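> First, the structure itself, so that you have it in front of you.
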Amino acid sequence: MNSATETFLDSNELVLNMGPQHPSTHGVLRVILKLDGEKVISTECIIGYLHRGVEKIAENRTYAMFVPYVDRMDYVAAVSNGLGYCLAIEKLLSVEAPPRAQVTRVILTELNRIASHLLWLGTHALDIGAMTPLFYCMREREEVLKIFENYCGARLTTHAFRIGGLQYQLQETFEQEVRRFCAGFPAKLAEYEELLTGNRIWVDRLTGIGILREQDCKELGVTGPVLRAAGVAWDLRKAQPYSGYEQYEFAIPTRQNGDTFDRYMVRIEEMRQSIRIIQQAVERIPDGPIMAKVPKVIKPPVGEVYVSIEAPKGELGYFVVSDGSLHPYRVRVRPPSFLNLQALERMAKGALVADVVAIIGTIDIVLGEVDR
Amino acid sequence: MAAEAWDGELTAALRQEFGESLEKSASYLGQRFLVVAPQAVVSLIRHLKAQESFDMLIDLTAVDYPKRDRRFELIYEIYSFSRNERLRVKANLADGEAAQSLTGVHPGANWLEREVFDMFGIRFEGHPGLKRILLPDDWTGHPLRKEHSIIGMDNEWVSRNLGIDSGQ
């Protein structure tokens with residue numbers, strides 16, 4: 001027996017490759033798991049399968065031409081992506097969208113937050129073995145997508161906002177559609193909760209899994225619901241409001257344990273708060289222009305800004321450098337999923353193989369955004 | 001960039017601590033930034049974390065200015081929860097010059113530094129595993145450097161792999 005086989009036989013380690021084509025990785029994520037029996041010793045993420053060079057493309061487009069591209073990063077929350085980018089360019093230009101556009105933006109982004117959380121809830125439950133919630137969530141998400149479709153013609157990659165405001169007037173039935181959704185949705189949420197929150201299997205499967213404490217979150221730059229489930233009441237809509245979020249009453253849901261169950265509870269409660277915001281906003285859509293005075297040819301003065309918003313997955317930031325020409329000199333996207341995924345290694349250490357699926361699901365990543 | 005000078009308690013304290021290494025403190029459109037000598041970046045951010053409660057690294061990236069003597073500008077965005085303030089720290093690096101890794105202060109810098117290495121070819125000394133993150137390992141070049149054009153990369157790929165002109 002030579003020494004190589006000896007070390008092999010001595011070792012209890014097993015290397016297991018998960019993905020990139022694996023249904024529970026929510027895209028094309030490859031994770032190399034090092035196992036000792038059923039226990040995870042370490043994980044390594046291999047990413048980049050969806051890399052399209054979005055930041056390079058930006059340097060070759062005009063400011064306005066790049067707006068549709070940002071929708072393709074986090075494609076389940078395209079409206080949020082568009083909002084962040086438009087706000088960054090508006091800041092560079094020192095213009096502000098008119099009130100009517102701002103209120104509309106709030107309604108659409110909050111609807112998108114609900115759609116994004118619904119897709120997360122459905123697929124997360126499916127990963128863990130509960131199939132029914134997926135169909136329920138898709139049913140309600142469809143209502144939201146229909147509102148988007150009626151507004152701008154697209155369902156997913158909406159290109160809903162323009163630099164300086166909106167392109168389209170709201171359709172006549174918009175308010176009615178939004179009110180109807182807001183009236184019906186809380187009962188549906190209660191239905192999901194009836195299926196899951198009190199469900200013994202669901203609770204046992206999630207409690208104490210993938211714990212990430214406040215300290216870990218701050219060290220790793222983890223934001224969004226993951227941070228709030230660790231007990232930090234930090235939401236950019238409150239901490240550094242944009243688009244008039246300071247005018248709405250809503251709470252920041254938090255939990256203390258930072259485990260998978262807490263993250264589930266935080267996201268469920270966030271959907272309720274989003275409904276509250278939408279209900280307030282839809283009653284006060286002001287009349288007036290929907291577009292600020294933005295020059296036809298956008299050439300921001302030389303300078304650089306970092307603007308960030310609270311996307312459904314966490315802090316989404318745009319760092320834009322202008323050299324005074326037609327094209328952005330540099331656009332850097334700070335994707336929440338990228339930094340949150342980095343925490344997988346800490347969360348999965350010591351967990352069981354079967355829980356890795358739950359942990360990947362609970363971070364709520366979109367690989368389009370991780371890889372850009 | 002029409003940046004305004006920014007001086008306050010924080011910059012005065014930092015100037016005392018870091019002296020000449022702190023090259024500039026200014027703000028543009030209400031966003032504050034510091035320009036620091038590259039060898040002082042890590043100690044400055046460590047100081048800001050320990051003494052001034054800037055406890056989260058939000059983002060780390062770079063910008064390429066090929067015409068400058070020190071062509072790369074490293075950008076660190078840091079945030080303080082207790083102050084609810086953001087601060088940008090910038091450092092200029094020459095081509096081939098290595099930066100110091102921030103992973104010892106903010107472990108979250110790990111992937112961000114790998115991405116900067118991948119896209120710009122800037123090396124970080126002391127990084128636990130500096131390798132490409134988004135591009136395949138056998139990729140040549142660093143695409144966010146300004147000399148790489150999209151059409152140029154396309155032409156090169158087509159002529160190498162298909163043996164024809166790409167016609168772009």
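The values are calculated or read from the model by the stated rules, or taken from the named source; none is laboratory data. The structure presented is a predicted model; accordingly, all values stated were derived computationally and were not measured. Quick reminder, even Gly has a Cβ in these numbers, built from the backbone with ideal geometry, and neighbours come from all protein chains shown. Keep in mind that these areas ignore ligands, DNA and RNA; they rest on the heavy atoms of the full protein, side chains included. Shrake-Rupley method; radii C 1.70, N 1.55, O 1.52, S 1.80 Å.
> How large is the accessible surface per residue of chain B, computed with a 1.4 Å probe and reported in Å² as a whole number?
Per residue, chain B has an accessible area of 46 Å².
> Same structure, new question: I'd like the interface area for chains A and B: accessible area of each alone minus the complex, both sides summed, 1.4 Å probe, protein heavy atoms only. What is it in Å² to the nearest 100?
3900 Å²
> Using a 1.4 angstrom probe on the protein heavy atoms only, line up A:Arg113, B:Arg68 by accessible area, largest first.
The residues order as B:Arg68, A:Arg113, largest area first.
> Using the alpha-carbon atoms, what tilt in degrees (0 to 90, nearest 10) does helix B:41-51 show relative to the longest principal axis of chain B?
So the helix axis and the longest Cα principal axis differ by about 40 degrees.
> Given the alpha-carbon gyration tensor of the stretch B:101-168, what are the semi-axes of its equivalent ellipsoid in whole angstrom, ordered largest first, with each equal to the square root of 5 times an eigenvalue?
Sorted largest first and rounded, they come to 32, 11, 8 Å.
> So what is the relative contact order of chain A, in percent, for Cα pairs below 8 Å that sit 6 or more residues apart?
Relative contact order here is 26 percent.
> A further question follows. Cα-Cα over 32 Å: which of A:Lys39/A:Lys313; A:Lys39/B:Lys90; A:Lys313/B:Lys24; A:Lys313/B:Lys131; A:Lys56/A:Lys218?
A:Lys39/B:Lys90; A:Lys313/B:Lys24, as the Cα separations exceed 32 Å there.
> What order do you get for A:32-40, A:89-97 when each peptide is scored by the mean count of other beta carbon atoms within 10 Å, highest first?
Packing proxy ranking, top to bottom: A:89-97, A:32-40.
> Now, a different point. Relative to the longest principal axis of chain A, what angle (0 to 90°, nearest 10) does the C-alpha long axis of helix A:174-196 take?
Once rounded, the angle reads 20 degrees.
> Sort A:Cys152, A:Cys137 from largest to smallest accessible area, using a 1.4 Å probe on the heavy atoms of the protein chains.
Largest accessible area first, the list is A:Cys152, A:Cys137.
> Do any residues of the stretch B:70-108 lose at least 40 Å² of accessible area when the full set of protein chains is present rather than just their chain alone, and if so which, with a 1.4 Å probe?
B:Phe81, B:Asn84, B:Arg86, B:Arg88, B:Pro107, B:Gly108
> For chain A, what is the mean residue ellipticity at 222 nm derived from helices alone (per DSSP H run of n ≥ 4: -39500 (n - 2.57); sum divided by total residues; nearest 500 deg cm²/dmol)?
Helix contribution divided over all residues of chain A: -15000 deg cm²/dmol.
> Under the classification rounded if a/c is under 1.5, otherwise prolate if a/b is larger than b/c and oblate if not, where does chain A fall, given a ≥ b ≥ c as square roots of the Cα gyration tensor eigenvalues?
Oblate, since a/c reaches 1.5 and b/c is not below a/b.
> Could you give the radius of gyration (one decimal) and Dmax (whole number) of the Cα atoms in the stretch A:168-263, in Å?
17.4, 49
> Right, another one. Counting helices only, and only those DSSP H runs with n ≥ 4, report the 222 nm mean residue ellipticity of chain B as the sum of -39,500 (n - 2.57) divided by its residues, in deg cm²/dmol to the nearest 500.
Only helices count here, giving -8000 deg cm²/dmol.
> Okay, moving on. When the Debye formula is applied to the Cα atoms of the stretch B:1-111, each taken as the same point scatterer, what base-10 log of I(q)/I(0) results at q = 0.15, 0.16, 0.17 Å⁻¹?
Normalising to I(0) and taking log10 leaves -0.62, -0.72, -0.81.
> Would you tell me the accessible area of B:Ile150, worked out with a 1.4 angstrom probe on the heavy atoms of the protein chains, in Å² to the nearest 10?
60 Å²
> Taking Cα pairs under 8 Å and at least six residues apart, what relative contact order does the stretch A:230-372 come out at, in percent?
In percent, rounded to a whole number, it is 17.
> Over the alpha-carbon set of the stretch A:77-176, divide Rg by the Kirkwood Rh and report the Rg/Rh ratio to two decimals.
That ratio is 1.06, to two decimals.
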